[in-house]
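The values are calculated or read from the model by the stated rules, or taken from the named source; none is laboratory data. This one's a predicted model, so the numbers in the text were calculated from it and none came from an experiment. When we count neighbours, we look across all protein chains shown, and the Cβ atoms used for this are built from the backbone with ideal geometry, even at glycine. Keep in mind that these areas ignore ligands, DNA and RNA; they rest on the heavy atoms of the full protein, side chains included. Shrake-Rupley method; radii C 1.70, N 1.55, O 1.52, S 1.80 Å.
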Amino acid sequence: MPSYALVTGASSGLGLALAEALARRGRNLLLVARYRDELEPVALEFTQRFGVDVLFRACDLSEPLRLTGFLLELEESEQHIDLLVNCAALSSQGHFLAQDWLREQDLIELNVLALARLCHAVGNSMAVRGGGQILNVASVAAFQPGPWMSSYAASKAYVLHLSEGLREELRQSGVAVCVLCPGPLRTQGTLPRKLRGSRLPLTPEEVALCAVLALERNRALIIPGWRARWLARASRLAPRWLVRKAAAAVNRAYTRP
Ligand SMILES: NC(=O)c1ccc[n+]([C@@H]2O[C@H](COP(=O)([O-])OP(=O)(O)OC[C@H]3O[C@@H](n4cnc5c(N)ncnc54)[C@H](OP(=O)(O)O)[C@@H]3O)[C@@H](O)[C@H]2O)c1
C-alpha cells in the first residue's frame, strides 16, 4: 500500500513550504486546507515537478463534524499515513477582551483540538502498523506567555507540551513525535504587522528545509535559526515576571497597527 505524508495547512506559508520540501525528497503527499481551489493547483504542480503522488482534501479542521468525516475517510482509505505534519493554525493579535469570541473559539478548535485529534487518530493507526512520524508545528511563542496574543501563545504551549509528552509515551510503539518551533516567518499569516517586509525573519522555505533535515535525524525539538534558539533559551532562564513583562512590551509594540 502506498504511504503518504499528511500535511495540514498545506495551501500557503510554512505548510506549503514543508509540503514542497517533502515532495522534493520523493514523499507522496495528502494536502489539507479549507479550500479546494487553493489545493488543486499545488497538487498538480508538485506532481509534475517532483513525480510524486499528491492527493488533496478540502476540510475545515476547526469544524469537529467535518474533521470526523475526514478521519473516517482516512480510516477506510487505502493510503497509509507514515508522516503527519500538523501545520494549520490561526493566530490572534490584540487585546483578548476585544477579540471576536467565535474567532477565538475557532483558534482553539484548530490549533488545539484538531491537532490533538489528528495526533490521536493517525497516531493510533501508526502504532498499529508499528511506526510513523508526527511533526507538530508550534512556535517560539510556546515558551512564554504571550500578552496581546494570549490565546495563540497558549495554544502553541499546548502543542509544545503535548508533542514532548507524546514523544516519550509513543516511543515504544515506534511513533516518533517531533515539534517545530519557528520564530516569526516572512509570511503574511501569523507574522506581526511590524515585522512584515523586514529582512530579519527566516523564510518559510528556510524553516521547512531545516525541519525536514531535523525530521530525518528524528530531532525532538526543532528551533530553526540562532535568534529563535536564543529567545527560547532566554525565556526558560529568566525570571517568570520578567519574561511576562518583556513579552507584553514586545508583542504590544509589534501588534500595534
Ligand atoms: N508565520 C509566522 O510568523 C509563524 C511563526 C511561528 C510559527 N508559525 C506556525 O507555522 C504554521 C503556519 O503558519 P503560516 O504563517 O505559514 O500560516 P498561513 O500562511 O496563515 O497558513 C495557514 C494554513 O492553514 C490553513 N488553514 C487555516 N484555517 C484552517 C482550517 N480551519 N482548516 C484547515 N486548514 C486551515 C490555511 O489554508 P486555508 O485558509 O485555505 O484553509 C493555510 O494553508 C502555524 O502553525 C503557525 O502557528 C508561524
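Filter the range 18-39 for residues that are more than 8 Å from the ligand (Cβ to nearest atom) and either aromatic (F, W, Y) or in a helix (DSSP H, G or I) (or both) and give the result.
L18, A19, E20, A21, L22, A23, R24, R36, D37
Those residues that are in contact with a Leu (Cβ under 7 Å, 6 or more places away or on another chain), open to solvent by less than 10 Å² (accessible area, probe 1.4 Å) and not polar (S, T, N, Q), I need them from the range 102-122; list them, please.
Across the range 102-122, the qualifying residues are L107, A114, L118, C119, V122.
Determine the pairs where a residue that is touching a residue at least 60 places away in the same chain (Cβ under 8 Å) and among the small types (G, A, S), located within the range 92-113, has a partner that is within 15 Å of the ligand (Cβ to nearest atom) and in a helix (DSSP H, G or I) with Cβ atoms under 7 Å apart, the partner being 6 or more residues away or on another chain.
S92/E104; S92/L107; S92/S151; S92/Y152; G94/T255
Restricting the range 154-177 to residues that are farther than 27 Å from H80 by Cβ and over 13 Å from the mean Cα position of the chain (by Cα), which is least open to solvent (accessible area, probe 1.4 Å)?
Filtering the range 154-177 for residues that are farther than 27 Å from H80 by Cβ and over 13 Å from the mean Cα position of the chain (by Cα), the one least open to solvent (accessible area, probe 1.4 Å) comes out as A154.
Are any residues in the range 15-60 within 22 Å of P182 (Cα to Cα), without any contact (Cβ under 8 Å) to a residue 60 or more places away in the chain and open to solvent by 50 Å² or more (accessible area, probe 1.4 Å), and if so, which ones?
If the condition is that a residue be within 22 Å of P182 (Cα to Cα), without any contact (Cβ under 8 Å) to a residue 60 or more places away in the chain and open to solvent by 50 Å² or more (accessible area, probe 1.4 Å), then R24 is the only one that fits.
Which of the numbered conditions does P201 fail, given that it passes all the others? Conditions: (1) under 15 Å from F143 (Cα atoms); (2) at pLDDT below 95.
Only one criterion in (1) under 15 Å from F143 (Cα atoms); (2) at pLDDT below 95 is unmet by P201, namely (1).
What number of residues within the range 61-101 satisfy the criterion of being closer than 27 Å to A208 by Cβ, open to solvent by less than 80 Å² (accessible area, probe 1.4 Å) and more than 14 Å from the ligand (Cβ to nearest atom)?
7
Table: residues versus (1) out of contact with any Ser or Thr (no Cβ under 8 Å at 6 or more places or on another chain); (2) over 13 Å from L83 (Cβ atoms).
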{"position": "Y4", "(1), (2)": "yes, no"}
{"position": "L14", "(1), (2)": "no, yes"}
{"position": "L18", "(1), (2)": "yes, no"}
{"position": "A21", "(1), (2)": "yes, no"}
{"position": "R36", "(1), (2)": "yes, yes"}
{"position": "L44", "(1), (2)": "yes, yes"}
{"position": "P64", "(1), (2)": "yes, yes"}
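When you scan the range 224-243, do you find a residue that is within 20 Å of V137 (Cβ to Cβ), among the polar types (S, T, N, Q) and either touching a His at 6+ places or on another chain (Cβ under 9 Å) or assigned to a loop (DSSP other than H, G, I, E, B) (or both), even just one?
no
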